[in-house]
Amino acid sequence: MDLIHKLTIAGLIILTTVTAAMLIQHQMPSGRLAGDSAEQKNTLRKSYKLIIENNAATYSEVITLSRQKKIPRAMEKLQEITAAHPGNPMSSVYLAQLQYQQGNIAAAIHSYRLAVDSEPDYIDKKTPLFLGNEIMELITEARGKLKREKKLKPNDTTISLALEDVYYLQRRIAGGCE
């Protein structure tokens, strides 16, 4: 055997050994990581529960007024809450719901987009904050109506922007990259 054959064989042996070591290491359970994962999941679960409870308390009056079909009063209350809690993306969700009840689909779609951009968990099926089904129902209805309006008013930028929001939300819910 010449030198090249010996080096090739040595290289293959080293490569095989490293690959086998990596496979063995990857398959070995790590007690510490498993414990951390369970602890992290528990912490995350508590965090979601706290968010849901805080939102329920904060927006209870808006929810009640909305169910009673007192939309203008619900909008006023929502504006007060949004001023008091400006960083809460749930305001955009309730705004979208109220706008939809008023028949303003384009504005509702845009509000949902703002909510999803602020809180990606709204479209993550693995979280208790998931709103994807609710958003998809609105998207399904809006897509048809907005396409018809686009044909009637081809130069209306409001309709074009609303359709962009519809397509954006569809991609996000389907798991597309943005």
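Just so it is clear, none of the values below were taken in a lab; they were calculated from the coordinates. From a predicted model like this one, the values you see are computed outputs, not experimental measurements. Here the Cβ positions follow ideal geometry from the backbone for every residue, glycine too, while neighbour counts run over all protein chains shown.
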Gain upon complete extension [R171, A84; 0.36 nm per residue less C-alpha separation]: 28.1 nm
Values of log10 I(q)/I(0), in the order q = 0.11 Å⁻¹, for the chain under a Debye, Cα-only, solvent-free model: -0.63
Between helix 157-174 and the chain: long-axis angle, C-alpha atoms, 0 to 90°, nearest 10: 40
Rel. contact order, % - alpha carbon contacts under 8 angstrom, at least six apart, the chain: 13
Set of lysines near K49 by C-alpha distance (under 22 Å), chain-local residues within fewer than 8 positions excluded: K41, K125, K126
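Once the Cβ-Cβ distance between Q68 and K145 is put in as r, and R0 is 25 Å, what FRET efficiency do you end up with, to the nearest 0.05?
0.40
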Crossing angle, helix 71-84 versus the chain [Cα axis fit, 0-90 degrees, rounded to tens]: 50
Cross-link partners of K69 among lysines (Cα-Cα below 27 Å; sequence separation of 8 or more within a chain): K77, K145
